[in-house]
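The values are calculated or read from the model by the stated rules, or taken from the named source; none is laboratory data. Everything numeric here is computed off the predicted structure, so don't read it as measured data. Using ideal geometry, Cβ is built from the backbone for each residue, glycine included, and neighbour counts are taken over all protein chains shown. Please note that ligands, DNA and RNA were not included when accessible areas were found on the heavy atoms of the full protein model with its side chains. Shrake-Rupley method; radii C 1.70, N 1.55, O 1.52, S 1.80 Å.
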Amino acid sequence: MELNDQMWLVLLVILELVQLIVFWAFVRYRYRDSLRQMSRLTGQLATGQRPKSYYIAGPPLVEQVSRHLESLGARLEQFQRQQQEEDFNLNVLLANMVEGVMVVDQRHVVRLVNDELLNLFHLKQSPLGRTVLESLREARVEMIVRETIQRGEPRQQEVMLESTALGLPPRHFDISVVPIRTKKDEVGGAVVVFHDITRIKQLEVVRQDFVANVSHELRTPLAIFRGYLETLEDNPDLSREEAQRILETMKRHSDRLNALVEDLLILTRLEGRQAEAEFSSIRLDAFFRQLVRDWGARMNSGEAEIQVEMPDDLPPLDVDALRLEQVMFNLLENAVAYSNPPRRIVLSAALQDGWMEVRVADNGIGIPPADLPHVFERFYRVDKGRSRTSGGTGLGLSIVKHIAQSHGGTVHAESEV
């Protein structure tokens, strides 16, 4: 009896095992296709692909999983679209900024730059993945970034960068550095903005020099006026000849002061483009002949010999005749002032590659090569002492340059000492 009970127990265990095996085989067969579809869907989602359909055939539980996968895929697509829009907006913003922008992490490694920064520092290789010091080779920039990240406070500083390691000329930058904070309010990096203010600094120097030069030019005649007026006041019994000499000197300086003010007004109108040009078609041969006659009537005809050299077949020229006359008078006055007798001036014109080239040549004392690039700057004088005695204002050649530029042309000087 006991043996029979044991046999029945073994048979029951075997039966249960057979049922489990049959059930597992059934489940595996039933869900095999569903598992394959699920594996395909998750693989497509993992690689960023969009499945054509999220439906998985199978029991209700499998269909519920497919609906969850469809919802997950929709959210993933929405996130990708937002990410693409943010990337696009960021790229457009950085590409259209006139400032150079750099984003660095805690270790000062460059993570993002815009094209303007590459242009500012003439970087031929991408600085991404390199430190600020390795990329720009500027210790002062590295120091500003380090202090900003350490303190966690924005910084703004004007610096002059030599950039000798990169072979660039010295430039001035207004550098702004703002720390980047994480959700835990920790500093995770910084945004560095480079604003090139080199041109502004140059203009500031020009303005300061201009004010200083104008002040100096005005101070000299005013001091002379004051001195002679005090002489006349303290010496009422001066002889007629001495009083006449004083008055002539004051008149000469008054004329020079008036010429300075007139040139300043002309230069201001030209630089501010307030003077409207009145263009007309002229022939240079007739214009030069009239110019020589007017010059002879204006100045002592014996001061200089003026010759005109040009071909007879030059085409008409569209210019503002009054402005061109002013240019020629300024150049003639300059030629006379810096030449010694016997003075010889040659006016010439020729057509060069579609441009009309006008030359005023003289047998003057010449200009050193180092001064040639600066002779068209305001108040620039090669020979300070000779300029004073010549009665010039120091603005004539600058007026010439601005009138030439207003006609779309250029001007330059060639000379030998």
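Search the stretch 135-158 for residues being modelled with pLDDT of 90 or more and hydrophobic (A, V, I, L, M, F, W, C), and hand back the single one that is nearest to residue 120 (Cα to Cα). This residue is 141.
With respect to the conditions (1) polar (S, T, N, Q); (2) more than 30 Å from residue 271 (Cβ to Cβ); (3) open to solvent by 70 Å² or more (accessible area, probe 1.4 Å); (4) over 21 Å from the mean Cα position of the chain (by Cα), residue 156 lacks only one, and its number is (4).
When 69, 94, 76 are checked against the criterion of being surrounded by 12 or more Cβ atoms within 10 Å (Cβ to Cβ), under 17 Å from residue 127 (Cβ atoms) and at pLDDT below 90, 94 stands alone in meeting it. Would you confirm, using the coordinates I've provided, whether residue 403 is closer than 25 Å to residue 271 by Cβ, in contact with a Ser or Thr (Cβ under 6 Å, 6 or more places away or on another chain) and surrounded by 17 or more Cβ atoms within 10 Å (Cβ to Cβ)? No; evaluated as a whole, the condition is false for this residue. Residue pairs whose Cβ atoms lie under 6 Å apart, sitting 6 or more positions apart in sequence or on different chains, and linking a residue in the stretch 351-366 that is small (Gly, Ala, Ser) to a partner that is at pLDDT 90 or above and in a strand (DSSP E or B), are 361/346. Among the residues making up the stretch 400-417, a single one is among the hydroxyl-bearing types (Ser, Thr, Tyr) and modelled with pLDDT of 90 or more: 410. Evaluation of residue 175 against the conditions (1) open to solvent by 70 Å² or more (accessible area, probe 1.4 Å); (2) closer than 13 Å to residue 101 by Cα shows that the sole unmet condition is (1). In the stretch 221-235 there is no residue that is of a type outside the set (A, V, I, L, M, F, W, C), under 30 Å from residue 122 (Cα atoms) and open to solvent by less than 70 Å² (accessible area, probe 1.4 Å). Every condition in (1) assigned to a helix (DSSP H, G or I); (2) modelled with pLDDT of 85 or more is met by residue 387 except one, and the failing one is (2). Of the residues examined, residue 194 is not one that is out of contact with any strand residue (DSSP E or B) (no Cβ under 6 Å at 6 or more places or on another chain), within 30 Å of residue 171 (Cα to Cα) and aromatic (Phe, Trp, Tyr). Restricting attention to the stretch 320-368, the residues that are loosely packed, with under 15 Cβ neighbours inside 10 Å, touching a Gly at 6+ places or on another chain (Cβ under 9 Å) and either at pLDDT 90 or above or under 21 Å from residue 267 (Cβ atoms) (or both) add up to 1. Determine whether residue 132 is at pLDDT 90 or above, open to solvent by less than 30 Å² (accessible area, probe 1.4 Å) and touching an Asp or Glu at 6+ places or on another chain (Cβ under 6 Å). So residue 132 passes the test.
With respect to residue 62, is the statement that it is within 19 Å of residue 195 (Cα to Cα) and either crowded, with 17+ Cβ neighbours inside 10 Å or modelled with pLDDT under 90 (or both) true? Don't jump to the end; show me each part of the working.
On the way: within 19 Å of residue 195 (Cα to Cα): no; either crowded, with 17+ Cβ neighbours inside 10 Å or modelled with pLDDT under 90 (or both): yes.
For residue 62, the condition - within 19 Å of residue 195 (Cα to Cα) and either crowded, with 17+ Cβ neighbours inside 10 Å or modelled with pLDDT under 90 (or both) - is not met.
Yes/no per residue for (1) modelled with pLDDT under 80; (2) open to solvent by 50 Å² or more (accessible area, probe 1.4 Å):
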site: 258; (1), (2): no, yes
site: 272; (1), (2): yes, no
site: 297; (1), (2): yes, yes
site: 302; (1), (2): yes, yes
site: 314; (1), (2): no, no
site: 317; (1), (2): no, no
